[in-house]
Amino acid sequence: MIGRIFGRKEPGGRINGVDKPIVHQSVPDEVLNKPAEDAPPADMSWMDSTPIPQKATQPQPEVVETVSESQPEAQEVAGQAWDAGSDTGTETPKNAAANPPTEDRVKYPHGWLVVVEGAGVGEWFVLEGGVSHIGREEGQTVRLDYGDSSIAPVRHAELTYNEKFHVFELGDGGQSAVRLNGTVPRLPAKLRDGDVISVGETSLRLVGLCTPNFNWN
């Protein structure tokens, strides 16, 4: 009785003795095809209040380029004849006393002569201010007694240091022929760092130290 009142389901899908079809309820299309609503934008305001550490940068030193007024004077072509007694150079007295032979340790060197070809290759000589003589005998500032008999015993060539422009000059006080960078120059000639002076069968390379930007004055 109670089953009949509440509609008790009997085996075989019968309710109260009556066959009832099984109904499958489906989801409406308007629910399945409902467009997705745009999600609200995320709250990113917290990033604005978060400090971002900055990478420390090293200050760059300021580079100051200096130009010496006398620099152009010292950049003339090597071998070019010039008047050592004019306003472009300092006058050197004729037959001025030459410096004594150089020693291993000399204070205030102005440059060096290095034998790069011929007898005595690898030898070097310190150049000071004033006049330097090149020859084979004792007493010469640059004594080349290594077997090259084509070098004059005394004063084969003469070098003078110009105190005004701080450059070396190949003077005209030498007693024998001299070549500068492979050619016969007009003397006196202003020298530059790296110039090669040839006396006899020996070649010497000038290595300058003093310049208008650095000197002992």
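The values are calculated or read from the model by the stated rules, or taken from the named source; none is laboratory data. None of these values were measured; they are calculated from a predicted model. Cβ placement follows ideal geometry from the backbone for every residue including glycine, while neighbour counts extend to all protein chains displayed. Side chains are part of the model used for accessible areas, which takes the heavy atoms of the whole protein and leaves out ligands, DNA and RNA. Shrake-Rupley method; radii C 1.70, N 1.55, O 1.52, S 1.80 Å.
Set the Förster radius R0 to 35 Å, insert the Cβ-Cβ distance between Asn95 and Arg186 as r into 1/(1 + (r/R0)^6), and round the FRET efficiency to 0.05.
0.95
Each residue of the stretch 139-150 in turn: what ³J(HN,Hα) in whole Hz from Karplus with 6.51, -1.76, 1.60 and θ = phi - 60°, glycine and Pro shown as x?
For the stretch 139-150, the Karplus curve yields x, 7, 4, 10, 8, 9, 9, 10, x, 8, 6, 7 Hz.
Show Val184, Val154 ordered by accessible area, largest first, where the area counts protein heavy atoms only and the probe is 1.4 Å.
Result of the area sort, largest leading: Val184, Val154.
Roll a 1.4 Å probe over the protein chains and send me the accessible area per residue for the stretch 134-178 in Å².
39
Sorting Lys190, Lys164, Lys107 by accessible area (1.4 Å probe), largest first, what list results?
Final ranking, largest accessible area leading: Lys107, Lys164, Lys190.
Once phi is turned into θ = phi - 60°, what whole-Hz ³J(HN,Hα) does the Karplus curve with 6.51, -1.76 and 1.60 give for every residue of the stretch 180-196, x standing for Gly and Pro?
Residue by residue, the stretch 180-196 yields 10, 6, x, 10, 7, x, 8, 9, x, 10, 7, 9, 10, 4, x, 5, 10 Hz.
Please compute the Cα-Cα pair-distance distribution of the stretch 177-217 with 10 Å bins starting at 0, giving whole percents from short to long.
Cα pair-distance distribution for the stretch 177-217, in percent: 27, 47, 22, 4.
Tell me the Kirkwood radius of the stretch 92-217: reciprocal of the mean inverse pair distance over distinct alpha-carbon atoms, in Å.
The answer is 14.3 Å.
Ordering Tyr161, Tyr146, Tyr108 by accessible area with a probe of 1.4 Å, largest first, what comes out?
Sorted descending by solvent-accessible area, the residues read Tyr108, Tyr146, Tyr161.
Got a number for carbon plus sulfur as a percent of the stretch 118-195's accessible area, 1.4 Å probe?
Ligands and nucleic acids excluded, carbon and sulfur give 45 percent.
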